[in-house]
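Peer 1: Sharing a structure below in structure tokens format, with a few things to ask.
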Amino acid sequence: VQLQASGGGLVQAGGSLRLSCAASGRTFSSYCMGWFRQAPGKEREFVAAINWYGDRRDYADSVKGRFTISRDSAKNMVYLQMNSLKPEDTAVYFCAADSYPRVPSSRVLDYDYWGQGTLVTVSS
């Protein structure tokens, strides 16, 4: 599976962005998908994840109520809608795929495939 994230950019606090992740590979629809982020000088952290069917989602507490993860398996796409953005959301955002059949995971080590990342900068 190859992943390509896009949609990052510069936005003012309170604004919105939608990140997209394009996946290649015929088994994509059976994988759990996640979004993670990494700010300068910090470890990569979990943001959101969704199961293969799209009916189970998990979010980091810091983004609950503001971010929404979704997927369109027919198009091999995963999305992260980010609303009410805050300066602390500034980071490089990565999409990732977990090939093991389980509930959406928040652990970095559970994900086998990673995209290249897209930078989100939120100005105050």
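Peer 1: Per the chain: cysteines with no other Cys C-beta under 4.7 angstrom?
Peer 2: Cys32
Peer 1: Might you tell me the accessible area per residue for the stretch 23-124, computed with a 1.4 Å probe and given in Å²?
Peer 2: Per-residue accessible area for the stretch 23-124 comes out at 52 Å².
Peer 1: If you count, for each residue, the other Cβ atoms within 10 Å and average over each peptide, how do 9-20, 86-97, 27-38 line up from highest to lowest?
Peer 2: In descending order of packing, they fall as 27-38, 86-97, 9-20.
Peer 1: Also, quick follow-up: Keeping the other protein chains in place, figure out the carbon and sulfur percent of the accessible area of the chain, with a 1.4 Å probe.
Peer 2: Of the solvent-accessible surface of the chain, carbon and sulfur hold 48 percent.
Peer 1: Still on this structure: Multiply the residue gap between Leu109 and Ser16 by 0.36 nm, knock off their C-alpha separation, and tell me the result in nm, one decimal place.
Peer 2: Stretched out fully, the Leu109 to Ser16 stretch lengthens by 30.6 nm.
Peer 1: Something else about it: Please give the residues of the stretch 96-124, grouped as numeric ranges, whose backbone N is less than 15 Å from a label point set 7 Å along the Cα-to-Cβ vector of Thr27.
Peer 2: Counting backbone N atoms under 15 Å from the label point, the list is 97-102, 111-114.
The values are calculated or read from the model by the stated rules, or taken from the named source; none is laboratory data. Computed from a prediction, not measured in an experiment: that's the story for all the values here. Methodologically, a virtual Cβ is constructed for each residue, glycine included, from the backbone with ideal geometry; neighbour enumeration extends over all protein chains shown. We work out accessible area using only protein heavy atoms, side chains counted, and drop any ligands, DNA or RNA first. Shrake-Rupley method; radii C 1.70, N 1.55, O 1.52, S 1.80 Å.
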